[in-house]
Amino acid sequence: MQTQTIKTELLINGKKVIIGHQFLEDIVRDIPDIKENQEVFNSLVLSDNPDVREYLTRVDNLSKKSVHILLKDTNQEVVDGVLLNSDLAKLISEEALLKIIDTDNTKLLMTIASNIDDYVKCDLCKIVKILANHKSASVRYNLVRYWSSHSVPVKILKQLSKDKDIDVAKAAIDALEKKDNLTLDIFYRYLK
């Protein structure tokens, strides 16, 4: 990802004020997170200041292009921030997500696993299968620790319930039990 120094100017009653990078870091937090400011955000994602780029991962009104620029960032915290933002995750293509998975960065894979339901543009069955078979127990655990995930099928939960890592296995067993209880609750409500 190629960054650039962002030229920031401040005019007060027609008088220019000299400002530095710290001002940009501070002011970016006060730019309203509205669609009308998307063009400004599109410029700021190219900032050579990693704090500015990281802050932008909290903005919900980024363009698809900006999201994909941030996903290629060399700063792991920036990429992780995009993956954590459920509004931005909806804009991530399967190709982009698979590229991140191919980096084998455990922290990023844990984030993807924890937020698996957010990546609506992806074949989640494919992604879940990859993560369920990952060598890191932390990645597998993050896939099942939130029992409410709709993207982790029973077949994968059963596979992980036999995982060699006890924490993964227990979380998968708990998720299976909760899914069974939920199914029973729905069944009994239907009978009433």
Flagged in region 81-99 as surrounded by 20 or more Cβ atoms within 10 Å (Cβ to Cβ) and in a helix (DSSP H, G or I), in numbering order, are GLY81, VAL82, LEU83, LEU88, ALA89, LEU97
Could you check region 8-23 and list, in sequence order, the residues that are closer than 21 Å to VAL78 by Cβ, open to solvent by 80 Å² or more (accessible area, probe 1.4 Å) and at pLDDT below 80?
HIS21
As an exercise: evaluate ASP117 against (1) of a type in the set (D, E, K, R); (2) within 16 Å of ASN142 (Cβ to Cβ); (3) at pLDDT 95 or above and give the number of the one condition it does not meet.
(3)
Out of all the residues in region 168-181, which are acidic (Asp, Glu) and without any contact (Cβ under 8 Å) to a residue 12 or more places away in the chain?
GLU177, ASP180
Looking at region 142-167, I want the residues that are at pLDDT 90 or above and have a partner that is part of a loop (DSSP other than H, G, I, E, B) and not acidic (Asp, Glu) with Cβ atoms under 7 Å, at least 6 apart or on another chain. Which pairs are those?
LEU143/VAL152; VAL144/VAL152
Matching option when the condition is open to solvent by 60 Å² or more (accessible area, probe 1.4 Å) and in a loop (DSSP other than H, G, I, E, B), among ASP73, ASP51, ASP26, ASP30
ASP30
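The values are calculated or read from the model by the stated rules, or taken from the named source; none is laboratory data. Being a predicted model, the structure only gives us computed values, none of them experimental. Cβ sites come from the backbone with ideal geometry, for glycine too, and all protein chains shown count toward neighbours. Side chains are part of the model used for accessible areas, which takes the heavy atoms of the whole protein and leaves out ligands, DNA and RNA. Shrake-Rupley method; radii C 1.70, N 1.55, O 1.52, S 1.80 Å.
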